[in-house]
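Peer 1: This is the structure I have questions about; it appears just below.
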Protein chains: 2
Amino acid sequence: MAGTDRSRVSPGGGPRIILLRPQMAENIGATARAMLNCGLDDLTLVNPRDPWPDARAWPMASGANGVLERAVVRGSLRDAVADLSRVYAMTARPRELRARVLSPRAAAAEMRAAQWSGARIGVVFGPERSGLANDDLVHADTIVTAPLNPGFASLNLAQAVFLIGYEWYLAGAERPDPPVCDPPVSKVELAAFLDRLEAAVAAGGFFKTEELRPTMARNLRVLFQRAGLTGQDVRTLHGVVSALLTAQGRE
Amino acid sequence: MAGTDRSRVSPGGGPRIILLRPQMAENIGATARAMLNCGLDDLTLVNPRDPWPDARAWPMASGANGVLERAVVRGSLRDAVADLSRVYAMTARPRELRARVLSPRAAAAEMRAAQWSGARIGVVFGPERSGLANDDLVHADTIVTAPLNPGFASLNLAQAVFLIGYEWYLAGAERPDPPVCDPPVSKVELAAFLDRLEAAVAAGGFFKTEELRPTMARNLRVLFQRAGLTGQDVRTLHGVVSALLTAQGRE
């Protein structure tokens, strides 16, 4: 079967599809088929429930074997997004998180524009049964929610991937002028800055109590996640933190 | 389970989904789920391979039980479309038939317009393995083809139904839900924060020289200007600055 060759549709081009703790190998196979229908071939599995590779995935892939063969397994979502500069998370449920929310269509248009300016992009999908948890969402810049039947909103995993892939594929029909902009910061650089910031503000009493800290820290991270920062921005912000720490209450 | 009640989303409203000679009961179940995700509940099966009802469909429906319970079985496509005034057929393959071909999006817009003028509409989907035959297509006014990866165009049955349902659902949305987000910060509040920040980092030696200050200050302001901050974000950032000034170089 020529699966491997014909799978090479958009090498390095389309967004990475990241399945977090997927439970059913059949759904991983169906996801690979949906991806290849839409010209996507970069699949990452984070802590799949069963050992990978899993033979039950292949029949559901209907020939999208190359996508499965090249799938990468990671031990944490943080690792899976480390080399990306923009991360979307697909979830049906509205969250208490102060996050940016887009429809799949709006997100797809934005993804194309970001890719044309050099960004590497990923979309995260949660486990079949539970979806994404708030702690998973801190790795995402933007939440994507399908504006479908609010009374029955839970999509099959491969359907959700297909929805993103379909809109991404269609959004590629026209290419606008690239914006003049520095390349976006990588997730690993952003995480290092946020770790430093969180430790520094903790030392300054920003988190009133230890109980409040997880929520306040998450909101602080989300604020910077969705700010669309470039690598230069984050270097500037490091300088800001250093300067404030040096200023020593002289305000 | 309240499946029966919550399934009644668009009684008589959405297009009828007609599966011609479906082979796998699991796909019928997945179709029901996809339909209800998109507010559709009128399902007809024409000559299913296995006797209907088939218990294997229910787990894949994930609660869209009402759609399955009300599914109608017909002995011919002609019977299945008899009371309709407009019939679409979804197929991935270009045909020798002289037929009108639309994308799912264009077809959905047309369906909505036709329904608003009183038409009863159906969409036909072929068997999993072979798709629709030319003899089946004579019952259709219009062919619908998804403009996806031409090298790997065969969609899973429930995916194909989902694609039509999704576009149909969106075509009827007069107005999308507003994004879940706090209101953006006012310019005067943002300017006050930026003035405070600039003064504080200046005290900490952020601006190496007075010559560099105008450019560096402008870049710092632009960074926060384009971050899309809300009023709550700016209150959070005031807290961050206060905490860093309190931390007094304890990093």
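Peer 1: Within the stretch A:165-172, can one find any residue that is at pLDDT below 90 and more than 16 Å from the chain's Cα centre (by Cα)? Reasoning before the result, please.
Peer 2: To start, the set of residues in the stretch A:165-172 that are at pLDDT below 90 comprises A:172.
Of the ones still in play, those that are also more than 16 Å from the chain's Cα centre (by Cα) are A:172.
Yes - at least one qualifying residue is present in the stretch A:165-172.
Peer 1: With respect to A:Arg196, determine if the residue is at pLDDT 90 or above, more than 7 Å from every other protein chain (Cβ to nearest Cβ) and surrounded by fewer than 18 Cβ atoms within 10 Å (Cβ to Cβ).
Peer 2: On the way: at pLDDT 90 or above: yes; more than 7 Å from every other protein chain (Cβ to nearest Cβ): yes; surrounded by fewer than 18 Cβ atoms within 10 Å (Cβ to Cβ): yes.
Against the criterion (at pLDDT 90 or above, more than 7 Å from every other protein chain (Cβ to nearest Cβ) and surrounded by fewer than 18 Cβ atoms within 10 Å (Cβ to Cβ)), A:Arg196 qualifies.
Peer 1: Follow-up. Does B:Ala160 satisfy being among the aliphatic types (A, V, I, L, M) and at pLDDT 85 or above?
Peer 2: On the way: among the aliphatic types (A, V, I, L, M): yes; at pLDDT 85 or above: yes.
The answer is yes for B:Ala160.
Peer 1: Still on this structure, please answer the following. Just name the residue that is nearest to the other protein chains (Cβ to nearest Cβ) out of those in the stretch B:179-193 that are assigned to a loop (DSSP other than H, G, I, E, B) and open to solvent by less than 50 Å² (accessible area, probe 1.4 Å). Outline the logic, then answer.
Peer 2: Initial filter on the stretch B:179-193 (assigned to a loop (DSSP other than H, G, I, E, B)): B:179-183, B:185-186.
Within this subset, residues satisfying the condition of being open to solvent by less than 50 Å² (accessible area, probe 1.4 Å) are B:185-186.
Details: B:Val185: 12, B:Ser186: 17 Å.
So the residue we want is B:Val185.
Peer 1: Which pairs turn up if I take residues in the stretch A:97-110 that are open to solvent by 40 Å² or more (accessible area, probe 1.4 Å) and modelled with pLDDT of 90 or more and look for partners that are in a helix (DSSP H, G or I) and of a type outside the set (Phe, Trp, Tyr) with beta carbon separation below 8 Å, at least 6 apart in sequence or on another chain?
Peer 2: As it stands, the answer is A:Arg105/A:Glu167; A:Arg105/A:Ala171; A:Arg105/B:Leu170; A:Ala109/A:Ala171, since those pairs meet every condition given.
Peer 1: While we're here: Any idea which of (1) within 14 Å of chain B (Cβ to nearest Cβ); (2) surrounded by fewer than 23 Cβ atoms within 10 Å (Cβ to Cβ); (3) not aromatic (Phe, Trp, Tyr) is the one A:Ala32 doesn't satisfy?
Peer 2: (2)
One line per residue, one yes/no per condition, for (1) in a helix (DSSP H, G or I); (2) of a type in the set (Asp, Glu):
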site	(1), (2)
A:Ala202	yes, no
A:Phe206	no, no
A:Thr209	no, no
A:Met216	yes, no
A:Phe224	yes, no
A:Asp233	yes, yes
A:Gly239	yes, no
A:Ser242	yes, no
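Peer 1: Could you run through the stretch A:144-159 and say how many residues are open to solvent by 10 Å² or more (accessible area, probe 1.4 Å), of a type in the set (A, V, I, L, M, F, W, C) and more than 14 Å from A:Val46 (Cβ to Cβ)?
Peer 2: The number of residues fulfilling the criteria is 5.
Peer 1: Further, regarding this structure: Checking B:Gly131 against (1) open to solvent by less than 40 Å² (accessible area, probe 1.4 Å); (2) at negative phi; (3) modelled with pLDDT under 90, which single condition isn't satisfied?
Peer 2: (2)
Peer 1: Determine, yes or no, whether B:Gly122 is within 21 Å of B:Leu170 (Cβ to Cβ) and crowded, with 22+ Cβ neighbours inside 10 Å. Don't jump to the end; show me each part of the working.
Peer 2: Working: within 21 Å of B:Leu170 (Cβ to Cβ): yes; crowded, with 22+ Cβ neighbours inside 10 Å: yes.
When the stated conditions are applied, B:Gly122 passes them.
The values are calculated or read from the model by the stated rules, or taken from the named source; none is laboratory data. Everything numeric here is computed off the predicted structure, so don't read it as measured data. Positions of Cβ are backbone-derived with ideal geometry, glycine not excepted, and every protein chain shown enters the neighbour counts. Accessible surface areas use protein heavy atoms only, side chains included; no ligands, DNA or RNA. Shrake-Rupley method; radii C 1.70, N 1.55, O 1.52, S 1.80 Å.
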